[in-house]
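Q: Here it is, the structure, as structure tokens.
The values are calculated or read from the model by the stated rules, or taken from the named source; none is laboratory data. What you see is a predicted model; the values in this text were computed from it and never measured. Neighbour counts run over all protein chains shown; Cβ positions are idealised from the backbone, glycine included. The protein model used for the area step is the full one, side chains on, heavy atoms only, and it has no ligands, DNA or RNA in it. Shrake-Rupley method; radii C 1.70, N 1.55, O 1.52, S 1.80 Å.
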Amino acid sequence: MATLTFDTLRQQVRGDVITKDDAGYDEARAVRNAMIDKHPAVVVRPVNAGDVIAAVNFAREGHLALAIRGGGHSVPGFGTSDGVVIDMSRMRGVRVNPEKRTARVEGGATWGDFNSAANAFGLATTGGIISTTGVGGLTLGGGIGYLARGFGLSLDNLISADVVTADGKFQIASDKENPDLFWAIRGGGGNFGVVTSFEFKLHPVKDIYGGPMFFELKYAGDLLRFFREYIATAPEAMGAFPAFQIAPPLPFIPEKRHGDTFALMVACWAGPVEEGEKALKPFHDVAPVFAEHVGPMPYPALNSAFDGLYPPDLQHYWKANFVKELTDDAIAAHVEHGSKVPAMTSTMHIYPINGAVHNVASDETAFAYRDANFATVIAGMWPDPAQNKANIQWVRDYYDATAPLSEEGGYINFMAEDDQSRIKANYKGNYNRLVQAKKKYDPDNIFHVNQNIKP
Ligand SMILES: Cc1cc2nc3c(=O)[nH]c(=O)nc-3n(C[C@H](O)[C@H](O)[C@H](O)COP(=O)(O)OP(=O)(O)OC[C@H]3O[C@@H](n4cnc5c(N)ncnc54)[C@H](O)[C@@H]3O)c2cc1C
């Protein structure tokens, strides 16, 4: 019976249909977080919306857990399941309309795909800081990155999306068509359907001036105190975030300091490049910069500068909060726990989400925390599973120290599986409206492999 069913699916799908007996199954079931070990009944790699419809119908009719995979970066491993996986990685096309300054982006594209296509026309929109992250998951949850202060979240730049909903129907979501669905997908993650194509606004950004600046740990408090004041009124072309980081073996860091922990400022000045050096001067004035790798570069170069730090197959455990005010007590907690970052691939970032992110009202999209100024992420990533306990403990201790000084909710894209209980807090006043949209578009909760909004 199962074989017959898979055969039927194979007849309907032009892309790949991979089951346990097929070559490549182990590769097809893996996601970025190496802790996740699911065994899907079938992985479908669609090449068009019709394939996606067939896979959604197959999962629904077979009552199988359905996961959607964009870039596969979800820390809780929402890009895989023991049932059906729709892996969008063969749908990565990006078509830029330079006159209208828009881009049509297929649902499996990464930010690397997007940025390289847009940069050829001197254009960009807000995306993440790593090029291998999926446009899909990142945008549907929010989209925080270097350009957010200037152009809003990734989802603020969405014009429309093509969505295959739980009933297998293809629907366009925009301000004019299915506006309730359009509202819900802008923050509601993968709860409402499979997005086969996104339409984005683009902005003129070609080269930026920026990169990482390393400061001795003793200046971490000064750096954070400076940052909270500076970023409140900094030009919107300035995207910058502080971090804690163990120095990797990079040529611009003296060899004898490789492996030492530093406070970091990572900056991206998207204004006129010739003003870049001046724009970054305030950071240099806080304290001596121990080592840095800043300068003019194409925007996609900064977007991929840290890719090597985060290879596939790391163990992942993250926690997150939104923050209105970075108090002195919060800074003290960051300095204490950030200084103990246990792995070169682990870090803590404080992303500013003011500027253009605040131009959108809290109820205009499902992303509710428009009054927060920062999104923090304690990102535990380490190579050795034998170190899981110690690394998870670092994330939890750090979170326990900072959460009471933060908002109740956090950014859904920075959360772990054990954060499902925070779902209402993450959406605040928008939660009930999300439940209504869920009841309409996915009443049986077919799309539940996510930070789940229950119908
Ligand atoms: C190394 C790293 C760096 C990151 N940097 C940033 C950053 O700078 N800014 C930021 O905001 N976030 C960042 N994130 C978090 C990131 O936004 C989330 O992990 C996001 O879920 C990743 O999207 P994805 O498509 O790669 O993941 P996936 O695991 O493929 O999917 C995640 C979720 O999104 C849904 N989804 C994905 N594609 C689609 C689609 N086409 N249609 C419908 N649903 C879909 C799935 O249902 C799933 O629940 C980072 C994560 C990692 C691991």
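Q: Go through the range 1-29 and give me each residue that's surrounded by 17 or more Cβ atoms within 10 Å (Cβ to Cβ), farther than 24 Å from Val105 by Cβ and under 23 Å from the mean Cα position of the chain (by Cα).
A: Hit for the range 1-29 is Arg29, nothing else.
Q: To continue, here is another question. Are any residues in the range 304-341 over 25 Å from Tyr369 (Cα atoms) and of a type in the set (S, T, N, Q), and if so, which ones?
A: Ser304, Gln315, Ser339
Q: Failed condition for Asn119, given (1) out of contact with any Phe, Trp or Tyr (no Cβ under 8 Å at 6 or more places or on another chain); (2) more than 10 Å from the ligand (Cβ to nearest atom); (3) open to solvent by 10 Å² or more (accessible area, probe 1.4 Å), with all others met?
A: Going through the list (1) out of contact with any Phe, Trp or Tyr (no Cβ under 8 Å at 6 or more places or on another chain); (2) more than 10 Å from the ligand (Cβ to nearest atom); (3) open to solvent by 10 Å² or more (accessible area, probe 1.4 Å), Asn119 breaks only (1).
Q: Another question, if that's okay. If we scan the range 1-15, do we find a residue that is of a type in the set (Val, Ile, Thr) and either under 18 Å from Asn191 (Cα atoms) or within 16 Å of the ligand (Cβ to nearest atom) (or both)? Lay out the reasoning, then the answer.
A: At the first step, the residues of the range 1-15 found to be of a type in the set (Val, Ile, Thr) are 3, 5, 8, 13.
So of that shortlist, the ones also either under 18 Å from Asn191 (Cα atoms) or within 16 Å of the ligand (Cβ to nearest atom) (or both) come out as none.
Checked against the condition, which is being of a type in the set (Val, Ile, Thr) and either under 18 Å from Asn191 (Cα atoms) or within 16 Å of the ligand (Cβ to nearest atom) (or both), the range 1-15 yields no hits at all.
Q: Another question, if that's okay. So which residues in the range 55-94 are closer than 17 Å to Val195 by Cβ, aliphatic (A, V, I, L, M), open to solvent by 10 Å² or more (accessible area, probe 1.4 Å) and more than 8 Å from the ligand (Cβ to nearest atom)?
A: Of everything in the range 55-94, just one residue is closer than 17 Å to Val195 by Cβ, aliphatic (A, V, I, L, M), open to solvent by 10 Å² or more (accessible area, probe 1.4 Å) and more than 8 Å from the ligand (Cβ to nearest atom), namely Val94.
Q: Select from the range 411-452 the residues that are more than 12 Å from the ligand (Cβ to nearest atom), in a loop (DSSP other than H, G, I, E, B) and open to solvent by less than 50 Å² (accessible area, probe 1.4 Å) and list them in ascending order.
A: Correct list: Asn445 only.
Q: May I pose another question? Restricting the search to the range 10-43, which residues are of a type in the set (Gly, Ala, Ser), part of a helix (DSSP H, G or I) and over 23 Å from Ser74 (Cα atoms)?
A: Within the range 10-43, the subset of a type in the set (Gly, Ala, Ser) is 15, 23-24, 28, 30, 34, 41.
With part of a helix (DSSP H, G or I) added as a condition, the list becomes 28.
Selection gives nothing.
Q: Mind checking which residues of the range 356-375 are open to solvent by less than 20 Å² (accessible area, probe 1.4 Å) and either of a type in the set (Gly, Ala, Ser) or touching a Lys or Arg at 6+ places or on another chain (Cβ under 9 Å) (or both)?
A: Pass one, the range 356-375, residues open to solvent by less than 20 Å² (accessible area, probe 1.4 Å): 356-357, 365-370, 372, 374-375.
Answer for the range 356-375, where residues must be open to solvent by less than 20 Å² (accessible area, probe 1.4 Å) and either of a type in the set (Gly, Ala, Ser) or touching a Lys or Arg at 6+ places or on another chain (Cβ under 9 Å) (or both): Ala356, Val357, Thr365, Ala366, Phe367, Ala368, Tyr369, Ala372, Phe374, Ala375.
Q: A further question follows. If I filter the range 369-377 for residues that are acidic (Asp, Glu) and under 20 Å from Gly142 (Cβ atoms), do I get at least one hit? Explain how you work it out, then say what you get.
A: Quick first cut of the range 369-377, residues acidic (Asp, Glu) only: 371.
Now restrict to residues that are under 20 Å from Gly142 (Cβ atoms): 371.
Looking for residues that are acidic (Asp, Glu) and under 20 Å from Gly142 (Cβ atoms), one finds at least one in the range 369-377, hence yes.
Q: Given Gly271, Gly276, which one is assigned to a helix (DSSP H, G or I) and more than 14 Å from the ligand (Cβ to nearest atom)?
A: On the way: Gly271 fails: assigned to a helix (DSSP H, G or I).
On inspection, the qualifying residue turns out to be Gly276.
Q: Residues of the range 30-54 being within 13 Å of the ligand (Cβ to nearest atom) and within 22 Å of the chain's Cα centre (by Cα), which ones?
A: Result: Ala30, Val31, Arg32, Asn33, Ala34, Met35, Ile36, Lys38, Arg45.
Q: So, one more: Would you please list the contacts, defined by Cβ atoms under 6 Å and residues six or more apart or on different chains, that run from a residue in the range 292-318 that is farther than 16 Å from Lys206 by Cα and of a type in the set (Val, Ile, Thr) to a residue that is open to solvent by 40 Å² or more (accessible area, probe 1.4 Å) and assigned to a loop (DSSP other than H, G, I, E, B)?
A: Nothing qualifies.
Q: Residues that are without any contact (Cβ under 8 Å) to a residue 40 or more places away in the chain, buried (at least 19 other Cβ atoms within 10 Å of the Cβ) and among the hydroxyl-bearing types (Ser, Thr, Tyr): does the range 339-346 have at least one? Steps first, answer last, please.
A: Taking the range 339-346 first, the residues without any contact (Cβ under 8 Å) to a residue 40 or more places away in the chain are 345.
If we keep only those that are buried (at least 19 other Cβ atoms within 10 Å of the Cβ) too, we end up with 345.
Restricting the remaining residues to those that are among the hydroxyl-bearing types (Ser, Thr, Tyr) gives 345.
The answer is yes; a qualifying residue exists.
Q: Another question, then. Could you please tell me which pairs satisfy a Cβ distance under 9 Å, a separation of 6+ or placement on different chains, a first residue in the range 155-169 that is surrounded by fewer than 22 Cβ atoms within 10 Å (Cβ to Cβ) and at pLDDT 95 or above, and a second residue that is among the small types (Gly, Ala, Ser) and in a strand (DSSP E or B)?
A: Pairs that qualify, where the first residue is surrounded by fewer than 22 Cβ atoms within 10 Å (Cβ to Cβ) and at pLDDT 95 or above and the partner is among the small types (Gly, Ala, Ser) and in a strand (DSSP E or B), are Ile159/Ser174; Ser160/Ala173; Ser160/Ser174; Ser160/Ser197; Asp162/Ala173; Asp162/Ser197.
Q: Given the condition within 24 Å of Ala67 (Cβ to Cβ) and of a type in the set (Val, Ile, Thr), answer yes or no: does some residue in the range 146-164 qualify?
A: Yes, the range 146-164 has at least one match.
Q: Related question: Among residues belonging to the range 95-113 that are β-branched (Val, Ile, Thr) and within 16 Å of the ligand (Cβ to nearest atom), point out the one that is least open to solvent (accessible area, probe 1.4 Å).
A: Let us first name the residues in the range 95-113 that are β-branched (Val, Ile, Thr), namely 96, 102, 105, 110.
Still in the running and within 16 Å of the ligand (Cβ to nearest atom): 105, 110.
Working: Val105: 0, Thr110: 19 Å².
The selected residue is Val105.
Q: Of the residues Asp363, Asp313, only one is part of a loop (DSSP other than H, G, I, E, B), closer than 24 Å to Gly128 by Cα, of a type outside the set (A, V, I, L, M) and within 13 Å of the ligand (Cβ to nearest atom); which? Don't jump to the end; show me each part of the working.
A: Values: Asp363 fails: within 13 Å of the ligand (Cβ to nearest atom).
One residue alone meets the criteria, Asp313.
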